[in-house]
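Presented below is the structure to which this report refers.
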Amino acid sequence: MIDAFAAEWYKLRTVRSTVAILGTVAGFMLLCLVWSWYVARYWDGLSAARRATAQAAAAEQPLAVSLPVCAVVLGALALTSEYSSGMNRTTLAALPRRPTLFAAKAGVAGALMLVAALASLAVGSGAGHVIVGDRAVPTFQGPAADVAAHLLWLGLTTAAITLVTFGLGAVLRSTAGTITAGMAILFVLPALAQLLPGPWDERVWSALPGNLSNQIAGTPGSSGGHGVLDPPVAVAVLVAYVVVALGAGAYSFARRDA
Amino acid sequence: MIEVRELTKRYGGTTAVDHLSFVVRPGTVTGFLGPNGAGKSTTMRVLLGLDKATSGAALVNGDRYTALRRPMREVGALLDAGAVQGGRRAFDHLGWLARSNGIGARRVTEVLEQVGLAGVARKRVGGFSLGMRQRLGIAAALLGDPGVLMFDEPVNGLDPDGVRWIRELMRALAADGRTVLISSHLMSEMELTADRLVIIGRGRLIADTSVRELADRFRRGVLVRSPRPAELTAALTAAGGAVEPMPDGAVTVTGLDVAAIGDMAAARGIPLYEVTSHSASLEEAYMELTADSTEFGAPLERQAS
């Protein structure tokens, strides 16, 4: 078990796509600082009357938008990139116990995205708050505990999306197919859900994986409109996605010929 | 030791391996021969636990491969030299493999030196030639210092120097007492490398034999031409040879070699115009054995419409 985790971690950190994804996360983290700086400048130019009603997205917004995409790409590549080269056979010959191997692969991919998300969110949001300082922008003045909970759940949903895509990849075995499916879940299904007759439009939209984080712990200081699920229900839905996707993936991975 | 027992593997309606049984023993190089599509790679994939057998068993040292805790220490295998991720450096490719089976990093350096890739250890595998990838795949197989080695078409893409290097490596590994199985569709290569041959066609066993036995089996006798065939036939039959007349007056003799036939004719004063040993080459023997089982045979003659 330890051998498998150590070997998969070795693999994940020596493949170029991982470096590219982490670089992308770092880039969006810097964008958080640019955004915060822009908000501060903008705020300074507003009249007192405008300030009373002005709204601005929170410091971590660039990461909140991009982390799910990075999670889909990394979660998909973690397994499917081996199928295109045939390396999955080399891997299975070295680690023939499939459930262990599956757990190791999912574990290192999920853990890496969790750490990358939490670290970038903490730095991006923290630095953003410092840049905006004591300006009374609502989304930059939330209580520290609420901000921390919000960032923690953004990180956890990022890891969950990584695992869901990973499970999907084990079933589909194709990088292009898995990334397309992941993007469809994040961006196409929410738009389609809004075409449903009420109240199903809102219910379905709220249950989609990309929309759960804000229903569990929303951005402090922002107005509502994040969905209709109670936090515990949203957590349960998120866990269900992970369990179902990993279960289907593990079954497919263990049963099919390599 | 490798044991394949009544192994059958079907993919949908296609039977790739059909009740195949053979044993590969330590201390010898065993050639695993068959035309394209005969089931060699499928058998190796089942041996490595990559594909599941439909029925029967494929065992390594008496166990199923998937039951081995650190399999690379018992079995080294090279199935497909292209099965690497190009972005990774050679050292790291072997590095994660070593880590997966609890093998130290020093061993990675050792095998890289052994296969002649020490100089490119820090280069990305994507830039490697097919020959370099074969060497990297062999390095991976040797990593755990295993007692059983399996190579699928190891000489593919190698230059003559590389082919000779592989041949000597395989012989040296067998001389250490290891079990070495090499698949190939080239008899000419196996003739120089292997001691034993397992020949399959359409998923079935055709021959499980030593190289020498196969050569003997396809010795077709000696063609003898003489102006006095009747007298010669009588003399050779008396000496224990089997004589078969040919349509052009010559005879084919089996059971006696060229020297014995020449001596006997000289002793009786029978003139000989031709004495030709007629043994088939192993290549011909192989072609004959597998003639019925090539999957994609081209018709030799095409009838005019």
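Using just its DSSP H runs of length 4 or more, each adding -39500 (n - 2.57), chain B gives a mean residue ellipticity at 222 nm of -10000 deg cm²/dmol after division by all residues. Backbone geometry of region B:216-226 corresponds, through the Karplus equation with coefficients 6.51, -1.76 and 1.60 at θ = phi - 60°, to 3J(HN,Hα) couplings of 5, 5, 9, 6, 9, x, 10, 8, 10, 10, 8 Hz, x marking Gly and Pro. Near B:Ile206, the amide H atoms lying under 5 Å from its own belong to B:Ile199, B:Ile200, B:Gly201; only residues 5 or more places off or on other chains count, and H is placed 1.01 Å from N. Can you work out D for region A:2-255 in µm² s⁻¹ from Stokes-Einstein, where Rh is the Kirkwood radius over C-alpha pairs, the temperature is 25 °C and the viscosity is 0.890 mPa s? For these conditions, the coefficient is 127 µm²/s. Which of the residue pairs A:Lys11/B:Lys123; A:Lys105/B:Lys9; A:Lys11/B:Lys40; A:Lys105/B:Lys123 have a Cα-Cα distance greater than 19 Å in the structure shown? A:Lys105/B:Lys9; A:Lys11/B:Lys40; A:Lys105/B:Lys123, as the Cα separations exceed 19 Å there.
Within chain B, antiparallel bridges make up roughly 65 percent of the DSSP beta bridges whose residues both belong there.
Between helix A:2-13 and chain A there is an angle of about 60 degrees, using the helix long axis and the longest principal axis of the Cα atoms. Using R0 = 60 Å, the C-beta based FRET efficiency linking B:Glu274 and A:Leu30 works out to 0.10. Grab the beta carbon distance between B:Arg164 and B:Gln114, set R0 = 25 Å, and tell me the FRET efficiency rounded to 0.05. About 0.95, to the nearest 0.05. Across region A:102-114, coupling constants 3J(HN,Hα) worked out from phi with the 6.51/-1.76/1.60 Karplus curve, θ = phi - 60°, read 4, 5, 5, 5, 4, x, 6, 5, x, 5, 4, 5, 4 Hz, and Gly and Pro carry x. Here the protein assembly as shown carries DSSP beta bridges of which approximately 65% are antiparallel, counting only pairs with both residues inside.
Extension gain for A:Tyr42-A:Val130 works out to 30.1 nm (0.36 nm per residue, less the C-alpha to C-alpha distance). Under a 5 Å amide H cut-off, with hydrogens placed 1.01 Å from N, B:Asp51 pairs with A:Ala258, B:Val46 among residues at least 5 apart or on other chains. Under 19 Å from the 7 Å Cα→Cβ point of A:Ala119, by amide nitrogen: which residues of region A:1-24? Within reach of a label on A:Ala119: A:6-24.
Here the spin labels are modelled as points 7 Å beyond Cα on the Cα-Cβ line, and at A:Arg13 and B:Asp176 they lie 3.0 nm apart. Of all DSSP bridge pairs formed entirely within region B:40-190, close to 20 percent run antiparallel.
No value in this document is a laboratory result; all are computed from the given coordinates. As the structure is a prediction and not an experimental result, all values here were calculated from the model. Note that each Cβ is placed from the backbone with ideal geometry, even for glycine, and that neighbours are counted across all protein chains shown.
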